[in-house]
1. Gap in Å between the Cα centre of the range 11-36 and the Cα centre of the range 43-66?
2. Out of all DSSP beta bridges with both ends in the chain, state the antiparallel percent to the nearest 5.
3. In whole angstrom, and with the biggest value first, how far do the Cα coordinates of the chain range along each principal axis?
4. Roughly what angle does helix 48-62 make with the longest principal axis of the chain, taking Cα atoms, 0 to 90 degrees, to the nearest 10?
5. Over the chain, with a Gaussian network built from C-alpha contacts below 10 Å, which listed residue (Ile84, Ile68, Ile12) shows the highest mean-square fluctuation?
6. What's the extension gain from Lys45 to Asn75 if we count 0.36 nm per residue and subtract their Cα-Cα distance?
7. What distance in nm lies between label points placed 7 Å from Cα along the C-beta direction at Glu90 and Val11?
8. Would any residue of the range 86-101 have its amide N under 19 Å from a label point 7 Å out along Cα→Cβ of Leu58? List them or say none.
Amino acid sequence: MVTETARPNMVILDPTSPPLPVDARLATRPDDLNGKVLGLLNNSKANAEALLEEVGTLLAERYNFAEIVRSAKPNASTPCPENIVQEMVEKCDVLITANGD
């Protein structure tokens, strides 16, 4: 949301996100991760890739994944582009995303 004030050169930006819909709910979790496709989505902040790689390695020691799919947002400060979201939805059974810093 952009609000213009009485000062013609000043614009106030509201960085908040709208609330989740009342009917929002968590995705159904699989009973077992063996044979599943794991998605790792990097949000492009510093250290996010390293954190996800370590999580992926630790999980791969415990589960036999069919595949591990890696992707990254192009910019940490904006929502994930719809084409990346759709690609991960189509390819992955479960997804982990991480913030770095």
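Coordinate-derived values only; no laboratory data. Treat the numbers as computed from the prediction; the structure is a model and nothing was measured. Here the Cβ positions follow ideal geometry from the backbone for every residue, glycine too, while neighbour counts run over all protein chains shown.
1. About 20 Å separates the Cα centre of the range 43-66 from the one of the range 11-36.
2. Counting only bridges with both partners in the chain, antiparallel ones make up about 20 percent.
3. For the chain, the Cα spread along each principal axis is 61, 34, 21 Å.
4. 20
5. Among Ile84, Ile68, Ile12, the largest GNM mean-square fluctuation belongs to Ile12.
6. Result for the pair: 10.0 nm of gain on full extension.
7. 3.4
8. Flagged as within label range: 94-101.
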